[in-house]
Structures are given as structure tokens and as C-alpha cells.
There are 2 protein chains.
Amino acid sequence: MEYRNEISYAAIRRLPKYYRHLCNLRKAGIRQISSKELSFEIGVTSSQVRNDFAYFGGEGLPGIGYNVDLLKNKINEFLKSDNTLNMIIIGAGYLGHALAANKNLEKKGFKVIGIFDPYDQFTGREIKGIEIMKMDCLPLFIKRQHVDIAAITILSAHADEIIKDMISLGVKGIWNFSPVEVKNTDKVMIENSHLDDSLMVLGYNLKNK
Amino acid sequence: MEYRNEISYAAIRRLPKYYRHLCNLRKAGIRQISSKELSFEIGVTSSQVRNDFAYFGGEGLPGIGYNVDLLKNKINEFLKSDNTLNMIIIGAGYLGHALAANKNLEKKGFKVIGIFDPYDQFTGREIKGIEIMKMDCLPLFIKRQHVDIAAITILSAHADEIIKDMISLGVKGIWNFSPVEVKNTDKVMIENSHLDDSLMVLGYNLKNK
């Protein structure tokens, strides 16, 4: 099997989608899939699929296709960290609750170890056994515990200041749901997750259908 | 000013990002921006920016750049529906609550008109004045009210059945947060919003930093 040496950033972004689809196929008892079928399911061309998988040495066999299990495991191994990544959630509103209560995150290797909120109303309450703490407690918490990722679920422009604080406290990964747009630097990796972007695209598509 | 006749799907996907950034610039009192500055902020090339905006007839003036207000309004006009789009939320868990409570959605032209949950525990309760109803009420509700979009916030594989029901009830737009992957058909437009995809990419980036 041939391995390509580099994988593009766009291909990495597609991997969670492939992975989810391969998991669904496996649940349905499907063991082999062609690049053509995958391309149809994922919404890219067959040659794009073959190109994406070339990196994993996963060449589909002619007339048989890719081994679903093998490919699924390779993608998982590629994406997943060797260790569980520790995550804190900033903002104990509904979205913060939704992330803290999402069991899939732990299965995928992310563990919520603390929840922080700027408002006192939540202090001392718990979500799934994790205490909600005041923001004042954050510097000490980060000093004592290893925090890999801060999920920012505060949906106001004030999130900007909070993100700056996180970076200066040494948090290396930010999962940002706030309307503020933040970019990677040499100190921090950012993923911006603006929920209503996809809704705006849906609205456009409905208008122009 | 010259207008291009077609805009690519990839460009449409970038428009909410441009829009958010132009709004931030406006708030900061910045009136003009060059394609180079925008490209840096958005993370695409300058020529990509110019290409994206060619469709709007928005050519930046040499040495001055784009008019922030004008461009912002054009993008808004392009994306936004003429009428408010009516949305129902399926699933009254934390994520359903988060969407119902998000004031930005109404500002962007989407109005939540009903919330439905398969479990009785929530029935009769309200989120922001909107009653939570049983799923049994859905067919009659859709018959009587105009529903443009159903936001699926049920994070289990059962969402598959619910999405099929929505489509057969005539809902034209699905904003899908469930782990099920759904595709556009001639009957329905879908936006899949898988929150943990971006977290997996962040995990990968932290591992390989």
C-alpha cells in the first residue's frame, strides 16, 4: 500500500464526516464501500475521496472498495489524541449545559473538568457532577489542573476579553462559539464554531430553491 | 461596477463570515477595508476575496479598499430572506433551549414559532414564551402554521425517523444537529451542523502542533 506524505487541511476537515459515515455503515452491517458510494454520501467527487484516503494507505480494491472497519479505525487513530484532552467550559448557559451533558465528547476523547461562569447565579450548581465555578477561580484552577481546551459558550462580544485571558493563562486550544472571530497564533489553536452561519446558508438556499 | 453572474457555493458559505467581520469593523468605526486586510482576517487569499465580492459588483478602490457599510448591506441583502422564516425546534433539551433563547436568530430573520419534544416531561413548559408541545401535535401545527425550517436538536440516531417525518409533513428546510448525516433532495434543503466535528479538528491540531 502506498502512503502519501501530506494531508491537506481541507481533507482533515472532511475526516470527521467520513468517520461518522463509516460508523453508520458499520452499524448497518456494511463492510465494504466504494469511493463512488462514499463520494455520493459525503458530497465530494470520487477522486477527492481516493485522494483523501491515499494518505492513510487506504487504497480501495477494484470492484470491492474500502474496508469500512479498517478505514474507520485509521481515521480515528489519526484524529484522536493518545491522551484524553481536558476541557473547561466558559459560560454555564444553555449551550454550556449542552456541551457538558454531551456524552459523545468523552467517547471521542474530550473530558470536561470544570465549568466557569461570569455571573454568580450559577455558582456552586452542578452539571453532570461538574461544579460551576466563578471566573475568579480560573487562574488557580488552570495552574493546578492541566487544561487543554477552553470552550467559549458566552455569546456576547465580551467573549473577546475572556479569550485573551484564556490565552494569557496558557490554554492552548479554544473552541469558540462566541460571535467574535479568533485566529490561530503560535500560542493557541482556535476552532470557531458559529452556529448561525449554517442557518444563514440554509435561509439563502430556501430563498433561492 | 462589474457584476459576475454566478457565485460559487463555497463563496456563499464564506459570506456569513465576511458579514460578521464587517459588522465588527463597523462597530470599531472602520469604514474602509482592503481585500488584503480582509483576506488576513478571514483566512483566504486576497484574490479569493476579490473574486467573492465580484459578484456583488463590489470592487475595492485602489488604495482605499471596500466600503465596509456598503459591502455589509449587500451581503445581508443577498443572504437574508425577504420575509422572516418560521422555525420550529425539535428537542427541548439544552441545545433546543440554547437555540430558542438565542436572540440573534430573530435579528437575522428566523423566528422560533414552536418547540416539540418526544418526551412528556417538558410538555406545557415554555422557553422564552414559546410553549413546548408533544410530537403528536406536530402534523396539525404544520398544517395550520407556515413552517419553513425544523431545527433537529435530538442527538440520537432516532433523529433519522424524525427527519423523515418532517420531510413527509412538507418542511422544506432542516437544520440538523443530530449525528445522522442528511443530504439535500428536490424536496428539502439540509444544513448539517455537527458540533463535535470542529472539536475533533481542534484535537488533531493540538496533537500535531
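According to the calculation over all Cα-Cα pairs in chain B, the P(r) per 5 Å bin from zero is 1, 6, 12, 15, 14, 13, 12, 11, 8, 4, 1, 0, 0 %.
How many percent of Cα pairs in the protein assembly as shown exceed 38 Å? Tail of the P(r) past 38 Å holds 24 percent of the pairs.
Neighbouring Cβ atoms from other chains, within 10 Å of the Cβ of residues in A:27-35, number 0 on average. With contacts taken as Cα pairs under 8 Å and at least 6 residues apart, chain B reaches a relative contact order of 14 percent.
The residues packed around A:Met133, meaning those with a beta-carbon under 13 Å from its beta-carbon, carry a net charge of -2 if Lys and Arg are +1 and Asp and Glu are -1. Restricting the calculation to Cα atoms, the range B:9-78 shows an Rg/Rh of 0.91 when the hydrodynamic-style radius is the Kirkwood one. Of the cross-linked pairs A:Lys36/A:Lys108; A:Lys172/B:Lys36; A:Lys183/B:Lys17; A:Lys143/A:Lys172; A:Lys172/B:Lys207, those separated by over 18 Å at the C-alpha level are A:Lys36/A:Lys108; A:Lys172/B:Lys36. What is the range A:121-164 by shape, rounded, prolate or oblate, if you read a ≥ b ≥ c off the alpha carbon gyration tensor as root eigenvalues and call it rounded for a/c under 1.5, prolate for a/b larger than b/c, and oblate otherwise? The shape class here is oblate.
What separates the B:Ala101 label point from its copies, with the point 7 Å along Cα to Cβ, is 1.1 nm, written shortest first. With a 10 Å cut-off around each Cβ of B:11-17, the average count of Cβ atoms from other chains is 4. Multiplying each eigenvalue of the alpha-carbon gyration tensor of the range A:85-197 by 5 and taking the square root yields semi-axes of 19, 16, 15 Å, largest first, rounded to whole angstroms.
Using alpha carbon centroids, what distance separates the range A:17-75 and the range B:54-108, in Å? First find each Cα centre; the distance between them is then 35 Å. If you wrap the range A:1-125 in the convex hull of its Cα atoms and look at it from every side, the mean projected area works out to 9.7 nm².
Each reported figure results from applying straightforward, stated rules to the coordinates on display, with no laboratory input. None of these values were measured; they are calculated from a predicted model. As a convention, Cβ positions derive from the backbone with ideal geometry for all residues, glycine included, and neighbour counts pool all protein chains shown.
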